[in-house]
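Notes follow the structure.
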Amino acid sequence: MQKAALAQAPIGEEEPADDAYDYDDATLFGYGAEEEGDNDPLETLNRFTFAFNEMLDTLFLRPAAFTYRELVPLGIRNAVRSFLRTLSTPVILANDLLQGDGERALITSKRFFVNTAFSLGFYDYAEELGLPYHSSDFGQTLGVHGTGEGFYLVLPVFGPSSARDTAGTLVDSFMDPLSYLAAEDLNVVTLGDDARPYSYVRTGASGLEARSRSMDVIDQALEGSLDHYTRVRSLWRQAREADIEKRSAGEDPDFGLGGLP
Amino acid sequence: MIPRLVKSLSLVLLVLLIPQAQAQEGPEGFLGSFGQEAIAELTDTSVPEAQREERFKDMLDRGFDLEAISRFIIARYWRSADEADRQAFIETFKDYLSQRFLPLFAGYQGDFATGSARPDRDNPELSWVPITFRSPNGQPVATEWRVRNLNGSYKILDVRAEGASLALTLREEYASVMRREGGLAGLVEQLRQQVARGAFRPD
């Protein structure tokens, strides 16, 4: 009651008091009552960044991804995706191990050996052998070990993230051997400007590749939305939670495609 | 001799059939027959649009716990809203659902497979049922349906497609609209305008 009075008085918004909310409804749907909060203290800034990103997407990324999808045959696009995934093997493997997930670490290693041995990483044979791709990152590792997201954060260009996952991305880039690769001499290990072009090209290609695959899904997900910002925030959070609980479709036999006879 | 054989054979047949009949009960059986009904009733485009919409809304009323869904989605604004606004929301929400989802049934060629239900850890009357939709052209779509068993009759509470919950997504989106508009009445008005414009119709 006190809390409700506090929440109402100073802000002066006409939000109903907290006790007006029936927590039984939330348990019925299997979501804890604590999800009621937005956990988005930087909402104004985030909305601004979000609008900026949407503009970038409309002007550059979306047309580029569309052209890429229409002009480049699927076989080549698959090779590009497979190669990018092979490049990210060290980071995925490190995080699988840090998560204490031996099973996934083994899958990642097997995938690397199979795919590099047979195609230098350009073709995903492992997938056909029943070793499907999964991604792992340090933000997810923190989540697996119980770290909350901190708060929601929209990064310029990169899009939805959180305090935890932004820190995770930084750690991942330090873990990535590609960040240490010098441009002139592949034997010299330096962390510096020389390595940047590689990282930029890789990041750009990954973004383009991901955007070209998600085009229809994103269009559908945002169709008829009353508020794009909130919908993206909600969908991103749910996807992230699924990553952390490792229940993305196709991997867990109890979920998704497991129902096929 | 022969009548006795027939009799015992039919008995064996009956015994063999019983477990299958039971397997068709439970949340999986409910969703299976509900889905079959939806495909039978809603895919035929020679039926006039208004009639299909009527059938769709009738199925919403029978198969979904619209009251519980609305309470969950509207959350804190539900109690402070008056009964007229609540009913207005449920009606408009049904308009939204039929504009958004009924067109997906038009001429639908695929089928679906129901997996085995996963009971909720905390509440035995609730379960998640996986359903995979397969269409001749396109990737299979993995969904999960949250079903509540209320004294032997089943009602759908939520759908997850590729991991994202419809109820949770709408709750967060509508919360921001209601904060902006100052309550449930404002949200209903927004939804009405969008429905009138046909904004929710998939291309």
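Of note:
- For region A:35-247, the calculated P(r) over all alpha carbon pairs, in 5 Å bins from 0 to the bin holding the longest distance, is 1, 6, 12, 16, 18, 19, 15, 8, 3, 1, 0 percent.
- The rule of thumb for compact globular proteins, 2.2 N^0.38 Å, goes into the C-alpha radius of gyration of region B:54-101 1.14 times.
- For peptide B:164-170, the mean count of partner chain Cβ atoms within 10 Å of a residue's Cβ comes to 6.
- Alpha-carbon Debye profile of region B:2-196, log10 I(q)/I(0) at 0.16, 0.18, 0.19 Å⁻¹: -1.14, -1.33, -1.41
- Rg over Rh, two decimals, region A:124-174 (C-alpha only, Kirkwood Rh): 1.13
- FRET efficiency estimate (nearest 0.05) - Cβ-Cβ, B:ARG79 to A:LEU129, R0 56 angstrom: 0.50
- Region A:79-141: C-alpha gyration tensor shape, a/c 1.5 cut-off, then a/b vs b/c: prolate
- In sequence order, region A:129-137 has phi-based couplings of 8, x, 10, x, 5, 9, 9, 9, 9 Hz under the Karplus curve 6.51 cos²θ - 1.76 cosθ + 1.60, θ = phi - 60°, and Gly or Pro positions carry x.
- For chain B, calculated [θ]222 nm from helices alone, where every DSSP H run of n ≥ 4 adds -39500 (n - 2.57): -19500 deg cm²/dmol
Quick note: the coordinates plus some simple rules give every number you see, no bench work behind them. Since we're looking at a predicted model, the values are computed, not measured. All Cβ positions, glycine included, derive from the backbone under ideal geometry; neighbour counts span all protein chains shown.
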